[in-house]
Structures are given as structure tokens and as C-alpha cells.
Amino acid sequence: MSEINTHVSSRIRMYRKSRHLTLQQLADQIHKSKSTVSKYETGEITLDIETLAEIAEVLQVGVSQLTDFHSPQPPSADKLSARTGITGMSPFFQARRLYFYFYDGRYQCLKDGIINIRESETTPGQYMAELSISTVSPDGRNREIYYSGKVVYSDMLIRFSFVNQYNALEEDLLYIFNPLEFRDSTDGLLCGISSADLMPCAFKCLVTLTPQEHTKELKNQLLISRKELQRWQKLNMLIVDNRGE
């Protein structure tokens, strides 16, 4: 199975679930059997362009949103440094995929996500990003939230600006440290306006180069300690530092 076929299949499944459609409902609307649509989503059947267009119409997305495949090969350090003027870059600067974690105290659960980064096709040197966050709703249902936006690199920080793909009112900023030494994880701060209650919110988060298991240790790492809270109260500000304490 080719990488692009796998990508298209996963995008169909992602958008179908985000629209709360069952396999049978999608199959009925494109006049295919449920088993055929299931094979579309697993990549067992390669779609022709007409069927792909029909699926895109039902899912209310453009065909390009289903076929936006980009090679996972990260850009070279020389290429990026030539465009940005930044040298001595960390693996986080070059990564095309990052893994994102934070603890949501409102629902008392650890949430994770994936950040995919790609270079803009229309503006060389500009980088775009897509973020998907796995969540559990108050009624216990699993769902995913999708964001798209831009990436800005600097010597010390990497800034992501995201907008919820289905609710433009929800905008989020994610700042992560760009460590100069090699390591698998780095601290970050996620802040924005919650679409649930339109209230400002901020979360301490962790961004990694490889997936992490949902362990008690990871949860404790993401919880705000009493020492941190005391420091933030004294400064009257919410901060996340990169001292690795």
C-alpha cells in the first residue's frame, strides 16, 4: 500500500468521523456498499477521482483536503537555515511531525494530539501546520478536534498559531522551546479562547518527537505543582520555563 493511498484513506475516515457519519451513512450517500467504503478507509481499494470527488462533497471538504499528502522527510538543516538565517537548529526545528500532550483539568483527563508541519506550496520558506487533538466529551464519547495554522521559527521558540477548522472563533497559540541540545521532549504553553464557554484558557504542555504512553508519570509532569503556582502568583503571570526541573 502506497503512502499517499494510506494518507487519503485516513483523511476520509478522519473527516467522516468529524461529521459524525457512520460507514453506512457515507456508503448510502455515494451509492456504495458499507464493505466497499470500509475498504476505502483501510486503503484496500484505491479510489478513482470521481468517487473521491463524491466523498469530498458528502464530507463537505475539498478534494485537496483529502489528497494533501506531503512526504514525511524533514527539510535539511542547510535548507532551513538558508531560508531563516537560524543555525544550530534542534530536531524540533526540522521535525515534520510532533506529538502534543496536556492535562485538561476541566474534564480531569490527559489529552494528546499530533502536529503535522509542511512547507507552503505557494510561499517558499513559510511553514504550515495541522493539529488534531483527541478528546473525550462529557458523555464519554471519543472525538477529535482539528486545527490548521502557521509556524514561526526563532532561535529559542517555535510558535504555532491555530484556528479550529470547524469553529473560526476558536484560535489557539502554542509556544514551545526550541532546545539547542538534543532531547526528545520540550515544554510549551497552549493558550487561547475555549470554544466550550468562550473563556480564556492556558495549559502547560509537553511536545515530543516520539509518541508517549498515557502514564501516571506523564500526567504528573503536566500537572501544575504547588511551587509553580506560588511562583506564578508572585509574578502575576502564567509562565512555562525550559530549565528542566
Practice task
Describe numerically, in nm with one decimal, the distance between label points set 7 Å from Cα along Cα→Cβ at GLN230 and at TYR175.
Solution key: 2.5
Completion exercise
If the label point sits 7 Å along Cα→Cβ of GLU144, residues of the stretch 158-173 with amide N under 17 Å come out as 163-167
Completion exercise
With a Förster distance of 30 angstrom and the Cβ-Cβ distance between ASP104 and ASP155, calculated FRET efficiency to the nearest 0.05 equals 0.45
Exercise for the section: Give me the distance in nm between label points sitting 7 Å out from Cα along the Cα-to-Cβ direction at GLN25 and THR46, one decimal. Expected result: 3.1
Practice task
Within 10 Å, count the other beta carbons around each residue, average over each peptide in 49-62, 220-233, and list them highest first.
Solution key: 49-62, 220-233
Handout entry: Set of lysines near LYS204 by C-alpha distance (under 25 Å), chain-local residues within fewer than 8 positions excluded
Key = LYS111, LYS150, LYS216, LYS219, LYS227, LYS234
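Every read-out reported here was derived from the displayed coordinates using simple, explicitly stated rules and does not represent laboratory data. Values in this document were obtained by computation on a predicted structure and should not be read as measured data. When we count neighbours, we look across all protein chains shown, and the Cβ atoms used for this are built from the backbone with ideal geometry, even at glycine.
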